[in-house]
Structure formats: C-alpha cells, structure tokens
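The values are calculated or read from the model by the stated rules, or taken from the named source; none is laboratory data. What you see is a predicted model, and the numbers here were worked out from it, not measured in a lab. Using ideal geometry, Cβ is built from the backbone for each residue, glycine included, and neighbour counts are taken over all protein chains shown.
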Amino acid sequence: MSHHIIEATDLHFVYPDGTRALNGVSFRITHGESVAIVGANGAGKSTLLLHFNGCLMPTGGSLRVGDYPVTRETVGQIRRSVGVVFQDSDDQLFMPTVFDDVAFGPLNMGLPPDEVEKRVASALATVGSSHLAARPPYRLSEGEKKAVAIASVLSMAPAIMVMDEPSSNLDQHARRALINLLRTFEHTKVIATHDLDLAADLCERVIVLDEGSVAADDSVRNVFGNRDLLARCHLEMPLGMQRCPICSGGRSDAVDRSPGRE
C-alpha cells in the first residue's frame, strides 16, 4: 500500500529570510504506523509537517508521499492522500456551519451530493459530533472544534492523517476523548506534539528533531527512556513513565511498564 508511505531523503528547508529549518532529515514511515514527531520549540516539527501536504516545498533533498514526490505538480494528488489537522482549529473551520466545514473537502473532490452527505454523516458520527451539524463553528468549545476539524479530514478518507499539536488547549476530558478517537484511525498517523504522554499513548515510534535534524528515531520506550537524549534535546520524560516522586522517596526514575498504560 504505497499510498500510505511517507519517505524523506536528506530533506532540507531554508526560509526566505535564510533561517535553516530542516537539515538533512531522513526517515521512512510505512502503512499503519503511528509515529510521533517531537522536539523543543524551533526544532522543525511544524515545518516538516507542512511538507507532507505540499504547503512547503523542499529546498534540498526529497520527500515522497505514496507514489508521488512532493512537487508543485503533484500537490493535488498528495492532498487527496494526506489529511492535516492544524494546531489551531480556527485555521481549519471557516464555513457557516459544521456540516458545511465537513462537506468542504468532499465537495472540492468533485463527489456527488449524495456521497458528500454520506461522508459528512459518517465523519461526524465517528467523532461523536452528529448533533453539531447545524451549529456555527465559532460557537463550539475547543474540544468540539478539534473533533469537527478531525471530521473535516476524515470525510476525505485520507490514507495518512497528520496532526500538529492535537491536544493543545484541550481539557483532560476532551484530551482523553481525542486519544480514544485517534486510536480508531486504522491507517498511518503522524503526530507532532509537545504532549509526550499523548505520544506514548498513541504511538509506537518516535522521531526526535533537534535544530532541524533527526536526533533519534526509535521505539517509544527506547526514546522516552533515554534521559541523556531527552536532556540534550530539551525534553522531559513523559509523566506516565516516571515514578511518583512521593512514593519513590523523591526519585523520578522510569517505571518498568509499557507506555500508554494507565
């Protein structure tokens, strides 16, 4: 299933002002993987994600999504395969009603009205938001906006879902609902996040970016259990992988359990 694959080879990106954001990034993500991309502010996470659907183009090296290299000529095909959920849902929701927002993508794909309605109904049901269809997006809570933003991606039936800080601005109830929802997506997931506990809950693999380069690419346990690596990259071990400092006499050593268990 090559349309589910993302492959970067010596990927570079330099902004017009000369800022080097990506410096020789290489990795391969295959069908069904759930991969977290983590790093401190300015590490290059958002820049990398904007390459996945052609919002940015490489200034060096290459990026392939499915059967297509990311170029200006292939953007249309790539955006049919990659669904992006932005950090700020207000950047994604701009139509008069929730139904209109979720229908926007399928309509622009040229699907017939009856198919669009089926997709909207299915996507909203999947995120538990069918009751919001007639509501204006600006009247939704942050958790509701995030669910609708995800529905607007699901309605396009993407092979790959890419999310930038999906848990930002969510309370604990909405965050847990988001995690449970994302576990149901069966295809490839790529999540850029500062929320390392969410990454440990949802992902098996972690790519650590540091100053635009790949500092590590390994399993959740190997990356988040490596204190020296995390310190070098200005990251903290997920709380779920630490001992309680009270119960352990002030220590915060990693507990020997699988990431994501509660």
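Quick notes on this structure:
Listed here are the residues, each with its yes/no results for (1) among the basic types (K, R); (2) touching a Leu at 6+ places or on another chain (Cβ under 9 Å); (3) surrounded by 19 or more Cβ atoms within 10 Å (Cβ to Cβ).
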site	(1), (2), (3)
R135	yes, no, no
V153	no, no, yes
V162	no, yes, yes
D171	no, no, no
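- Of everything in the range 110-135 that is touching a helix residue (DSSP H, G or I) at 6+ places or on another chain (Cβ under 8 Å), part of a loop (DSSP other than H, G, I, E, B) and modelled with pLDDT of 90 or more, the residue that is nearest to A157 (Cα to Cα) is L111.
- Whichever residue in the range 189-221 is at pLDDT 95 or above and polar (S, T, N, Q) and, among such residues, is surrounded by the most Cβ atoms within 10 Å (Cβ to Cβ): S213
- Total residues in the range 1-58, condition among the hydrophobic types (A, V, I, L, M, F, W, C) and within 18 Å of E204 (Cα to Cα): 8
- In the set (1) under 30 Å from G24 (Cα atoms); (2) among the hydrophobic types (A, V, I, L, M, F, W, C); (3) not in a helix (DSSP H, G or I), the condition left unmet by F94 is number (1).
- Yes/no for D17 being of a type in the set (D, E, K, R) and either in contact with an Asp or Glu (Cβ under 6 Å, 6 or more places away or on another chain) or at positive phi (or both): no
- Among the candidates G42, G83, the residue that is in a strand (DSSP E or B), surrounded by 15 or more Cβ atoms within 10 Å (Cβ to Cβ) and modelled with pLDDT under 95 is uniquely G83.
- Those residues of the range 172-183 which are at pLDDT below 85 and in a loop (DSSP other than H, G, I, E, B), in sequence order: none
- The range 45-80: number of residues that are buried (at least 20 other Cβ atoms within 10 Å of the Cβ) and in a strand (DSSP E or B): 2
- G24 falls short of the stated requirement of being assigned to a loop (DSSP other than H, G, I, E, B) and either modelled with pLDDT of 95 or more or at positive phi (or both).
- Failed item in (1) under 16 Å from S34 (Cβ atoms); (2) among the basic types (K, R); (3) over 13 Å from the mean Cα position of the chain (by Cα), with R139 passing the rest: (1)
- Scope the range 189-244; condition touching a Phe, Trp or Tyr at 6+ places or on another chain (Cβ under 9 Å) and in a strand (DSSP E or B); matching residues: V190, V206, I207, V214, D217
- E186 vs. criteria among the acidic types (D, E), in a loop (DSSP other than H, G, I, E, B), at pLDDT below 95 and touching a Leu at 6+ places or on another chain (Cβ under 9 Å): no
- Residues of the range 1-28 that are under 17 Å from the mean Cα position of the chain (by Cα) and either over 22 Å from C233 (Cα atoms) or free of Cβ contacts under 8 Å to residues at least 60 places away in the same chain (or both): H4, I5, I6, E7, A8, R28.
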